[in-house]
Amino acid sequence: MMEAQKRFDMYTHQEAPEEIEEDELVERYLRLYGGTISDVLDGLGYFYQVLPKEMTGLTPDAKFCGTALTATGEPTTDRDPDRIFVPILEMLGAVRKNNVVVTQPNEDTCSHLGELSATTIKARGGNGAVIYGGVRDVDYIHRLGLPVYKLYTTPRDVMGRWRLTAYNVPIRIGQTQINPMDIIFADKDGVIAIPREVAVKVLLKAEELESTENHVREEVLRGVHPVEAYQRHGWF
């Protein structure tokens, strides 16, 4: 006789601590996968936290998690190196441990991340980058080992095409609002932005959901009818 398991209830939440230390929060999120996190966000009423499906990992196995350092910009014809490069370098200089640089360039003709920017992000303790635009120097970034999600690749430079206008400000990518220090999670399924104010609650519920799914998987592999497994555990 199978041991009785508590049925999973998406809408009942355990009392969460006010905060979990950042390194632990990131590490625990990395043990999860995107599907459970997205399901929990849906259950909490956050229906638009997955970034557009057109975005892909620079490497097929890209997986990372960290805190958002947001950036935004606009098209330009300016070719003055000080006005183009210095704002980007100031943003890169603000990168700290666990940051994920998340850029909404509002422009789609050039690259918004290259090898030197990627090197700086990694050297300053960043965990990855999400660029809703272009990336170049792909071979170097592969060797560097900085995980990146992007919209496209192109060798075209920003000079005379794009300038950064602000960083660590709220941005929107598709239907997703992203604020500085939100939790950014990416794996093979895509990129998710978890609002910081619910990051602990989402983590705890996603851990509970993943445990439930593990029980369901074990039973189905033993030949239990999927309806029976669902009725016992409350999820499938």
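Listing for the model above:
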read-out	value
Dipole axis of the chain (+1 Lys, Arg; -1 Asp, Glu on Cβ), positive-most option in LEU69, ALA199, THR212	LEU69
Accessible area of the chain belonging to carbon and sulfur atoms, whole % at 1.4 Å probe	51
Among THR153, LEU221, THR120 - extreme Cα towards positive end, dipole of the chain, charges at beta-carbon	THR153
Under Karplus coefficients 6.51, -1.76 and 1.60, residue-wise ³J(HN,Hα) of segment 34-43 in Hz, glycine/proline x	x, x, 5, 5, 4, 4, 5, 4, 4, x
Solvent-accessible heavy-atom area per residue, rounded to whole Å², over the chain at 1.4 Å	50
Dipole magnitude (debye, nearest 20) for segment 75-201, charges at Cβ of Lys, Arg, Asp, Glu	240
Computed magnitude of the charge dipole of the chain (debye, nearest 20; Cβ of K, R +1, Cβ of D, E -1)	540
Under 5 Å, built H, 5+ apart or other chain: amide partners of VAL191	LEU51
Unit charges at the beta carbon, dipole of the chain: most positive-side option, GLY45, THR165, CYS110	CYS110
Amide proton proximity set for VAL130, modelled H, under 5 Å, gap of 5+	VAL101, VAL102, THR103, TYR149
³J(HN,Hα), Karplus 6.51/-1.76/1.60, whole Hz, each residue of segment 83-95, x for Gly, Pro	6, 8, 7, 4, x, 5, 5, 5, 4, 5, x, 8, 5
Estimated 222 nm signal from helices in the chain, with DSSP H stretches of n ≥ 4 weighted -39500 (n - 2.57), rounded to 500	-10000 deg cm²/dmol
Distance between segment 119-156 and segment 29-89 - C-alpha centres, whole angstrom	12
Partners for LYS6 among lysines (Cα-Cα distance below 28 Å; same-chain residues under 8 apart left out)	LYS201, LYS205
The chain: radius of gyration over Cα atoms, expressed as a fraction of 2.2 N^0.38 Å	1.14
Cα centre as origin, Lys/Arg/Asp/Glu Cβ charges: segment 52-144 dipole, Debye	500
Relative contact order, percent, the chain [alpha-carbon distance under 8 Å, six or more residues apart]	30
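The values are calculated or read from the model by the stated rules, or taken from the named source; none is laboratory data. Computed from a prediction, not measured in an experiment: that's the story for all the values here. All Cβ positions, even for glycine, are placed from backbone atoms using ideal geometry, and neighbour counts span all protein chains on display. What goes into the accessible areas is simple: the full protein's heavy atoms, side chains included, and nothing from ligands, DNA or RNA. Shrake-Rupley method; radii C 1.70, N 1.55, O 1.52, S 1.80 Å.
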